[in-house]
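Enquirer: Below: one structure in structure tokens.
The values are calculated or read from the model by the stated rules, or taken from the named source; none is laboratory data. Remember, it's a predicted structure, so these values are computed and weren't measured experimentally. Cβ sites come from the backbone with ideal geometry, for glycine too, and all protein chains shown count toward neighbours. For the accessible areas, the whole protein counts, side chains as well, though only heavy atoms, and no ligand, DNA or RNA atoms are used. Shrake-Rupley method; radii C 1.70, N 1.55, O 1.52, S 1.80 Å.
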Amino acid sequence: YSTSFEPVPGTTFNRVAFKPTEGEQYEAGFKYQPPGYNAFLQAALYQLTQTNVQTADLNNPGFQIQTGEIRARGVEVEARATVLDNLDLVAAYTYTDAEVTKSNGVDLGRRPPVVPRHTAALWAHYTFRTGTLSGLGLGAGVRYVGGGAGDPGNTFSTPDYTLVDAA
């Protein structure tokens with residue numbers, strides 16, 4: 001369980017400063033290291049709720065009030081393993097089901113913009129253990145970020161994309 005807050009700049013129609021948005025997270029999961037293997041598995045289920053989210057002030061068009069709420073539920077899975085003495089692998093996947101649960105706008109009951117439903121990553125790291133390059137490590141990986149809602153009304157989607165990293 002954890003809580004958070006984030007300051008929100010600006011004021012309401014009545015020139016009252018916005019309160020920080022607040023977050024509340026519940027998470028449950030497990031971690032497992034198989035006996036006899038240099039490997040590690042973990043998984044978690046989570047729910048995050050953000051309150052004091054800005055939404056349209058229906059009494060004062062062009063202004064915002066803080067009665068909105070966003071909820072995200074999902075699962076995260078990660079595996080790490082040393083497959084050779086010099087080679088470590090990491091694989092991860094996250095599924096997020098996010099929804100605007102309170103709003104005065106067209107986003108009510110819809111997916112918040114730019115929140116991907118699926119993300120995944122695969123990373124490899126090689127470390128030289130002997131010779132002139134002993135201690136030097138090289139890594140490479142790939143990350144996938146699924147598409148998301150492109151606007152509050154979910155009338156279009158942002159495209160998914162893949163990134164390649166090196167270290």
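Enquirer: Report yes if some residue within the stretch 4-25 is outside any loop (DSSP other than H, G, I, E, B), among the charged types (D, E, K, R), surrounded by 12 or more Cβ atoms within 10 Å (Cβ to Cβ) and without any contact (Cβ under 8 Å) to a residue 40 or more places away in the chain; otherwise report no.
Expert: yes
Enquirer: Tell me, please, whether a residue that is open to solvent by less than 30 Å² (accessible area, probe 1.4 Å) and among the hydroxyl-bearing types (Ser, Thr, Tyr) can be found in the stretch 63-84.
Expert: no
Enquirer: Only residues that are open to solvent by 60 Å² or more (accessible area, probe 1.4 Å) and either in contact with a helix residue (DSSP H, G or I) (Cβ under 9 Å, 6 or more places away or on another chain) or more than 17 Å from ALA72 (Cβ to Cβ) (or both): list them for the stretch 26-52, please.
Expert: Passing the criteria: PHE30, LYS31, TYR32, GLN33, PRO35, GLY36, TYR37, ASN38, PHE40, LEU41.
Enquirer: Of the conditions (1) at pLDDT 95 or above; (2) closer than 19 Å to ASP160 by Cβ; (3) out of contact with any His (no Cβ under 7 Å at 6 or more places or on another chain), HIS125 satisfies every one except a single condition; which number is it?
Expert: Condition (2) is where HIS125 drops out.
Enquirer: Shifting gears a bit: Can you tell me which residue within the stretch 85-103, out of those that are open to solvent by less than 50 Å² (accessible area, probe 1.4 Å) and among the hydrophobic types (A, V, I, L, M, F, W, C), is farthest from GLY36 (Cα to Cα)?
Expert: Taking the candidates together, the pick is VAL100.
Enquirer: With respect to the numbered conditions (1) closer than 30 Å to THR51 by Cβ; (2) touching a His at 6+ places or on another chain (Cβ under 6 Å); (3) of a type outside the set (D, E, K, R), which one is the sole condition not fulfilled by GLY139?
Expert: Among (1) closer than 30 Å to THR51 by Cβ; (2) touching a His at 6+ places or on another chain (Cβ under 6 Å); (3) of a type outside the set (D, E, K, R), GLY139 violates only (1).
Enquirer: Output the residue which, of all residues in the stretch 104-163 that are hydroxyl-bearing (Ser, Thr, Tyr) and closer than 30 Å to ILE65 by Cα, is most open to solvent (accessible area, probe 1.4 Å).
Expert: THR155
Enquirer: State all residues of the stretch 129-167 that are of a type in the set (A, V, I, L, M) and within 17 Å of THR119 (Cα to Cα); if no residue qualifies, say none.
Expert: VAL142, VAL145, ALA149, LEU163, VAL164
Enquirer: Another question, then. Look through GLY137, GLY147, GLY153 and report the one residue that is more than 24 Å from the chain's Cα centre (by Cα) and not aliphatic (A, V, I, L, M).
Expert: None of the other options fit; the residue is GLY137.
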